[in-house]
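To keep things clear, I will list the structure first and then write my remarks on it.
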Amino acid sequence: MSAAAHVAGLDDITMLPVTDGTIALLNLRAQIDGLEPDVRRGHTSSERGIGLIELITLRGLILGHIADYERAEEIAEQLVREAATDGTAFVARAQTRAVFHRFTDALDDLDRAERLSLDADITNRERAAIFQAVGRYDEALAIREEAAEGRASFENVAGLVGLHAERGHIDAAERMYAESRRLYRGVSPFPLALLDFQLGLMWMNAGRLDAARTSFDAARRRVPLYAPAQGHLAEVEAALGDVESAVARLYSFAVSSDDPDYAAQLARILGKAGRGHESRHWCRLAAARYDELITSHPEAFADHAAESWLAAGANPEKALRFARMNVDIRRTPRAYGLLAEAIGATNQDRNNNFSRRCSHRSVQREG
């Protein structure tokens, strides 16, 4: 697909008759607020509890709120305690565990759900997502292709978009992207925004920054408060030289989000722009928050912490520790790339320190 055709396709699809993104977020909040009181009192069914988990997790994904993920995890644990023979409760807990990269525990929950006679189609959908997250791409592909062949729904085809995009299979991802758009019959902007975001990641990883900017901007236009889309759009803008736009875009998320990734990105961009004082401020904030999250959710934040310490944090030794932790959890090309970068930076830092010590000793002897 040419760049012009890619842009034209996104412009066309952005006009689909879906709910305004800001209104959709207000509706999402209202749904959550309507379910929360009964769940907190324990006066609800498993079905309503699972529905609340899905809604809160979606809000966390869109707004970049880690507290939402933590609340979803609490509800899932409550459901499993109260409905220990309900396989859907274990699937819900598997989803929340996967969010925090507790993949082995999540797979155990899916096995338990199947032993409770839950339909394998339900568990396999979640299993494919986990296999993809840990780099077991062939197994994930087999499950997703079987699902799409059995029922060519938007959800099943969209799952293939993310998988092909992550593997860098651009032609296949674009074909599935076009097909999933054709199949979409909903009015919510969230699934389409998530789809655009996946394509943006693919273009960014392929070094096609103009196409990445188009996709991230499409996701942002669908849902203006879609934090990950805004964050990656800022990253691409900075790489293309539009630093002021990137800084302005990141600032509100760095201030409001409990995810330190936005503060870390802002620190990196400001540092590269020569604004060291501002960069150090955001770096300190990000570092303090990463230390908190590594304590409570080490598996989930090892990769981002490593990236932060490699860049604005300028601590390769610490980055290497987290990169090694990450590759133990997720054996993906990205994880191995991050580990290689951390090893290289650590070796360079050690060589620089050795050279400085040798130079210092030489000066002492001459004196």
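Throughout, read-outs are computed from the coordinates displayed, never taken from laboratory work. Note that this is a predicted model, so its numbers are computed, not measured. Here Cβ is always computed from backbone atoms with ideal geometry, including for glycine, and neighbour counts include all displayed protein chains.
Assorted remarks:
- Label point distance in nm, Leu26-His281, each placed 7 Å from Cα along Cα→Cβ: 3.3 nm
- Remark: region 174-184, residue by residue, has Karplus-estimated 3J(HN,Hα) of 5, 4, 5, 4, 5, 5, 5, 4, 5, 7, 5 Hz, where x stands for each Gly or Pro and the curve is 6.51 cos²θ - 1.76 cosθ + 1.60 at θ = phi - 60°.
- Remark: region 335-349, residue by residue, has Karplus-estimated 3J(HN,Hα) of 5, 5, x, 5, 5, 4, 5, 5, 5, x, 5, 5, 5, 5, 5 Hz, where x stands for each Gly or Pro and the curve is 6.51 cos²θ - 1.76 cosθ + 1.60 at θ = phi - 60°.
- For the pair Asp108 and Asp291 in one chain, pulling the backbone fully straight at 0.36 nm per residue adds 63.1 nm over the alpha carbon distance.
- Taking the chain as a Gaussian network of alpha-carbon nodes connected by springs under 10 Å, the highest mean-square fluctuation of the residues Arg321, Arg213, Arg115 belongs to Arg115.
- Here the extension length gained between Glu139 and Asn315 equals 59.7 nm, from 0.36 nm per residue of separation less the Cα-Cα distance.
- Ellipticity estimate at 222 nm from DSSP helix runs (n ≥ 4, -39,500 (n - 2.57)) divided over the chain, nearest 500: -27000 deg cm²/dmol
- Nearest-ten-degree value, helix 66-82 long axis tilted from longest Cα axis of the chain: 40 degrees
- Between helix 316-329 and the chain: long-axis angle, C-alpha atoms, 0 to 90°, nearest 10: 30 degrees
- Here the Gaussian network model covers the chain, with springs between Cα atoms less than 10 Å apart; of His297, His65, His277, His277 fluctuates the most.
- Near the amide H of Thr19, within less than 5 Å, lie the amide hydrogens of Ser188, all on another chain or at least 5 residues away, with H placed in the peptide plane.
- The chain: most fluctuating residue of Gln265, Gln132, Gln348 per GNM, C-alpha cutoff 10 Å: Gln348
- For the chain, the longest principal axis of the C-alpha atoms and the axis of helix 87-99 are separated by about 20°.
- Projected-area mean, region 186-310, by convex hull of Cα positions, square nanometres: 8.0 nm²
- Cut-off 17 Å, label 7 Å out along Cα→Cβ of Ile122, residues of region 49-72 by amide N: 49-55
- Extension gain from Ala67 to Tyr336, taking 0.36 nm per residue of separation minus the Cα-Cα distance: 94.0 nm
- Magnitude of the charge dipole for region 103-142, about its Cα centre and with charges confined to Cβ atoms of Lys, Arg (+1) and Asp, Glu (-1), is about 40 debye.
- Couplings 3J(HN,Hα) for region 162-168, derived from phi with the Karplus relation 6.51 cos²θ - 1.76 cosθ + 1.60 (θ = phi - 60°), are x, 5, 5, 5, 5, 7, x Hz, where x marks Gly and Pro.
- Just so you know, the Rg over Rh for region 94-155 is 0.97, from Cα atoms, with Rh as the Kirkwood radius.
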